[in-house]
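One structure below.
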């Protein structure tokens, strides 16, 4: 009878130890899942922030390019107007010279 009690006690202790190890393993696995989820959230947030910054830089570059294009367009327009004015003045001078020759 005594041997049976010892075996039962050892079996109980063994089962208790197994249950404790299973619980510890489950807690460790849950902790690992939580760490992985946190890392994935952080990565997603970093990616989102990176995308926001990339879009911001892209918009800034586009705005800069647009301002350059507008500057070049305005410069070309002034240049064209100056050429037109020079041609008009030249034509007026030629007309005046022609008028004076006819006198």
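Read-outs throughout are calculated quantities, based only on the coordinates presented, and are distinct from any laboratory measurement. Here the structure is a predicted model, which is why all the values come from computation and not from measurement. Virtual Cβ from ideal backbone geometry, glycine too; neighbours counted across all protein chains shown.
Quick look at the values:
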{"quantity": "Spin-label model distance (nm) - residue 47 vs residue 95, 7 Å beyond Cα toward Cβ", "calculated": "7.1"}
{"quantity": "Within the chain, helix-based [θ] at 222 nm, where runs of 4 or more DSSP H residues each add -39,500 (n - 2.57), nearest 500", "calculated": "-37500 deg cm²/dmol"}
{"quantity": "Part-to-part distance (alpha-carbon centres) for the stretch 18-46 and the stretch 53-70, which is given in Å", "calculated": "43"}
{"quantity": "Gain in span if fully extended, residue 27 to residue 59, counting 0.36 nm per residue against the direct Cα distance", "calculated": "6.8 nm"}
{"quantity": "Rg [Å, one decimal], Dmax [Å, integer] - the chain, C-alpha atoms", "calculated": "43.9, 151"}
{"quantity": "Residues 1, 21 arranged by fewest to most Cβ contacts within 10 Å", "calculated": "1, 21"}
{"quantity": "Tensor-based shape of the stretch 3-56 (alpha-carbon gyration tensor, a/c under 1.5 rounded, otherwise prolate or oblate)", "calculated": "prolate"}
{"quantity": "Label-point gap, in nm, between residue 40 and residue 74 - each point 7 angstrom along Cα→Cβ", "calculated": "5.2"}
{"quantity": "Folded to 0 to 90 degrees: helix 2-102 orientation relative to the chain principal axis, Cα", "calculated": "0"}
